[in-house]
Amino acid sequence: MPLTKEQKKKILDELVEKFTRAKSIIFSDYRGLSVKDISQIRNNLREKGVEYNVSKKTLMRLAAEKAGMPEIPREATEGPCATAFSYEDEVAAARILRDFSKGNENLKLLGGIMEGRILSLKETQYLASIPSKEELIAKFMGSIKAPVSGFYRVLYGVMRKFVGTLQAVHDEKAKS
């Protein structure tokens with residue numbers, strides 16, 4: 001049964017709100033996925049604050065236009081297309097979809113939008129390869145901590161050798 005104008009308007013308004021609120025938007029082809037697979041993807045995405053939505057391409061294009069986004073390229077919405085709206089972590093949607101597509105060749109990344117800029121398939125795949133925010137913070141903290149801990153080990157080594165030398169001198173004097 002076709003959608004009424006009211007239903008289309010409601011869906012369009014929801015999509016416009018999602019497009020304006022999202023930090024990044026990733027398009028994927030879900031052709032050939034089972035309901036179980038799509039449910040698993042949705043659950044994985046939901047844990048990271050990402051919404052996975054399937055809607056008509058014309059409504060998506062209209063919503064993007066109304067939200068002030070650039071025009072979505074045709075290749076980003078080829079075939080059956082699902083949209084992942086990431087509200088918290090910009091790379092979460094791309095990473096989760098890429099990880100899932102490694103185990104299931106039916107899911108394919110098509111492209112995306114980030115900060116109002118269209119991302120090609122190559123850029124979307126690169127975005128998916130960026131470590132999570134927590135990993136980046138941990139690496140940053142490790143690199144900040146590395147010089148201090150290295151300096152500590154050097155000073156500790158010098159002090160240990162000095163104390164060892166003093167102990168050896170003490171032991172020699174105690175023998176004589």
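The values are calculated or read from the model by the stated rules, or taken from the named source; none is laboratory data. These numbers come from a predicted model, not from an experiment. Virtual Cβ from ideal backbone geometry, glycine too; neighbours counted across all protein chains shown.
Which ones in region 13-37 are aliphatic (A, V, I, L, M) and surrounded by fewer than 16 Cβ atoms within 10 Å (Cβ to Cβ)?
Kept after step one, since they are aliphatic (A, V, I, L, M), are these residues of region 13-37: 15-16, 22, 25-26, 33, 35.
Within region 13-37, 35 is the sole residue that qualifies.
Look at (1) in contact with a Pro (Cβ under 9 Å, 6 or more places away or on another chain); (2) at pLDDT 90 or above and you find that residue 94 fails only one, number (1). Within region 62-79, being assigned to a helix (DSSP H, G or I) and modelled with pLDDT under 85 holds for 74, 75, 76, 77.
For region 80-113, a residue qualifies if it is assigned to a loop (DSSP other than H, G, I, E, B) and within 18 Å of residue 131 (Cα to Cα), and the qualifying residues are 87, 88, 89, 90, 91. So, in region 63-79, of the ones that are surrounded by 18 or more Cβ atoms within 10 Å (Cβ to Cβ) and within 26 Å of residue 2 (Cβ to Cβ), which residue ends up nearest to the chain's Cα centre (by Cα)? The selected residue is 76. When 165, 124 are checked against the criterion of being β-branched (Val, Ile, Thr), over 25 Å from residue 98 (Cα atoms) and surrounded by 10 or more Cβ atoms within 10 Å (Cβ to Cβ), a single residue qualifies: 165. Only residues that are of a type in the set (D, E, K, R) and under 18 Å from the mean Cα position of the chain (by Cα) were counted across region 31-55, and they come to 5. Within the bounds of region 6-20, is there any residue that is of a type outside the set (D, E, K, R) and touching a residue at least 60 places away in the same chain (Cβ under 8 Å)? Checking region 6-20: at least one residue is of a type outside the set (D, E, K, R) and touching a residue at least 60 places away in the same chain (Cβ under 8 Å). The set of residues from region 114-158 being outside any helix (DSSP H, G or I) and over 18 Å from residue 48 (Cα atoms) comprises 115, 116, 117, 118, 119, 120.
Scanning region 130-148 for residues that are loosely packed, with under 10 Cβ neighbours inside 10 Å and among the polar types (S, T, N, Q) gives a single hit, 143.
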